[in-house]
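Colleague: If you scroll down you'll find the structure; I have some questions about it.
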Amino acid sequence: MKPADNTIHMPLLGFGTLIPDKALTISATRDALEAGFRHFDAAERYRNESEVGEALQAGLAAGGIAREDIFVTTKLWNTNHRPERVELAFEASLKRLQLSYLDLYLIHTPYAFQPGDDQDPRDQNGHVIYDSDVTLLDTWRAMERLVDSGKCRAIGLSDITLKDLVPLYEAARIKPAVVQVESHPYLPETELLEFCQEKGIVFLAFAPLGHGIRPGLLEDPVILAIAARVKKTPAQVLLAWAIQRGTALLTTPKTAARARENFDISPLPDDAFDEINNIQTRQRLNDVVKTGVPGFIPQNKTKH
Ligand SMILES: NC(=O)c1ccc[n+]([C@@H]2O[C@H](COP(=O)([O-])OP(=O)(O)OC[C@H]3O[C@@H](n4cnc5c(N)ncnc54)[C@H](OP(=O)(O)O)[C@@H]3O)[C@@H](O)[C@H]2O)c1
């Protein structure tokens with residue numbers, strides 16, 4: 001891939017590593033690799049990059065799989081947005097993941113937090129301490145330098161709105177290759193998807209199963225009826241819909257059986273695809289896009 005090019009070859013079915021338990025991170029990552037997943041999404045903020053790295057190294061060796069055959073992403077956390085912190089954070093992630101290069105590095109959210117070791121800096125009233133001395137473009141310029149260095153194949157953004165993406169896209173020397181956001185039939189993000197498709201940016205959906213929240217997408221009557229009709233599980237229907245509408249996705253099965261299930265996706269008939277497009281329910285499950293504070297991680301479990 002040429003440095004100023006945003007063309008990227010990313011497996012559409014991605015395995016997400018947002019798993020608070022360390023032993024489960026290792027077993028689920030191994031199971032995903034064994035089931036056929038070749039795209040792994042990590043983050044400094046998930047505090048388990050070392051376990052992801054350990055599982056990948058062991059899994060690659062056991063399966064005779066080459067490093068080049070997998071696609072690994074990690075993300076720069078909000079407390080590392082100052083340009084002088086970006087390369088250090090990148091190198092630390094690389095080391096924990098036991099890798100010599102990354103396929104993709106994302107700015108985890110567009111919100112800069114007070115720089116430092118505390119990933120969740122708060123004032124005495126419990127409010128997040130933001131950092132107004134750095135812009136998203138400042139951080140992006142430092143990300144571009146990582147691509148120039150050759151240690152990072154592509155860069156992108158996560159938890160960003162179309163309104164904030166457009167000016168960044170226009171100012172960028174190296175255009176974002178990927179945008180990772182919450183998306184599922186209750187939050188299709190169609191306008192953002194259309195922009196990404198027009199610009200050749202991969203739209204990478206997280207929470208394609210609605211984060212497994214019940215009641216929710218996995219129990220939606222339209223999804224259940226289609227699943228029964230096409231003889232697939234509700235999860236397989238939701239994942240197939242995401243691929244069919246031209247997005248890539250991240251899913252987090254935690255057992256070998258679910259990893260195999262979530263990897264076994266086949267196209268939906270047109271009428272089923274249209275029925276899902278016509279679901280009218282609208283629901284956002286993660287507020288991170290509005291605040292920079294991750295919504296799926298229970299705060300009491302992530303404190304050191
Ligand atoms: N950029 C961001 O801010 C951001 C935010 C959130 C997530 N992410 C990324 O996206 C990845 C995926 O997110 P997600 O956890 O929301 O994904 P998801 O696949 O929508 O939801 C995962 C949940 O679905 C359940 N599940 C998985 N496979 C299933 C199946 N076949 N049948 C029934 N339930 C199933 C799991 O339940 P069990 O727990 O019972 O196994 C798990 O709780 C994360 O790991 C992370 O890499 C990024």
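The values are calculated or read from the model by the stated rules, or taken from the named source; none is laboratory data. What you are looking at is a predicted structure, and each value in this text was computed from that prediction instead of being measured. A quick note on method: Cβ atoms are made from the backbone with ideal geometry, for glycine too, and the neighbour counts reach across all protein chains shown.
Colleague: Just give me the residues in segment 245-272 being buried (at least 17 other Cβ atoms within 10 Å of the Cβ) and part of a helix (DSSP H, G or I), in sequence order.
Modeller: R258, A259, E261, N262, F263, A272 - these are the residues of segment 245-272 that are buried (at least 17 other Cβ atoms within 10 Å of the Cβ) and part of a helix (DSSP H, G or I).
Colleague: Still on this model: Tell me, which residue of segment 185-219 that is assigned to a helix (DSSP H, G or I) and at positive phi is farthest from the ligand (Cβ to nearest atom)?
Modeller: Among those that are assigned to a helix (DSSP H, G or I) and at positive phi, it is G210.
Colleague: Continuing with the same structure: Mind checking which pairs have a first residue in segment 13-40 that is without any contact (Cβ under 8 Å) to a residue 60 or more places away in the chain and among the aromatic types (F, W, Y) and a second that is near the ligand (Cβ under 10 Å from one of its atoms) and outside any loop (DSSP other than H, G, I, E, B), Cβ under 6 Å, 6 or more apart or different chains?
Modeller: Pairs found: F40/F15.
Colleague: Given the structure, is A55 assigned to a helix (DSSP H, G or I) and closer than 23 Å to V293 by Cβ?
Modeller: no
Colleague: Filter segment 26-71 for residues that are within 12 Å of the ligand (Cβ to nearest atom) and of a type in the set (A, V, I, L, M) and give the result.
Modeller: A28, A32, A35, A42, A43, V52
Colleague: Continuing with this model, one more query. Limited to segment 21-52, what total is found for residues that are more than 15 Å from L102 (Cα to Cα) and either modelled with pLDDT under 95 or in a helix (DSSP H, G or I) (or both)?
Modeller: Residues meeting the conditions: 17.
Colleague: Looking for something over 24 Å from F90 (Cβ atoms), without any contact (Cβ under 8 Å) to a residue 60 or more places away in the chain, of a type outside the set (D, E, K, R) and crowded, with 20+ Cβ neighbours inside 10 Å - is there at least one such residue anywhere in segment 150-160?
Modeller: So far as segment 150-160 goes, no, none of its residues is over 24 Å from F90 (Cβ atoms), without any contact (Cβ under 8 Å) to a residue 60 or more places away in the chain, of a type outside the set (D, E, K, R) and crowded, with 20+ Cβ neighbours inside 10 Å.
Colleague: With respect to A66, is the statement that it is without any contact (Cβ under 8 Å) to a residue 60 or more places away in the chain and farther than 17 Å from F40 by Cα true?
Modeller: Considered against the rule, which asks whether it is without any contact (Cβ under 8 Å) to a residue 60 or more places away in the chain and farther than 17 Å from F40 by Cα, A66 comes out as no.
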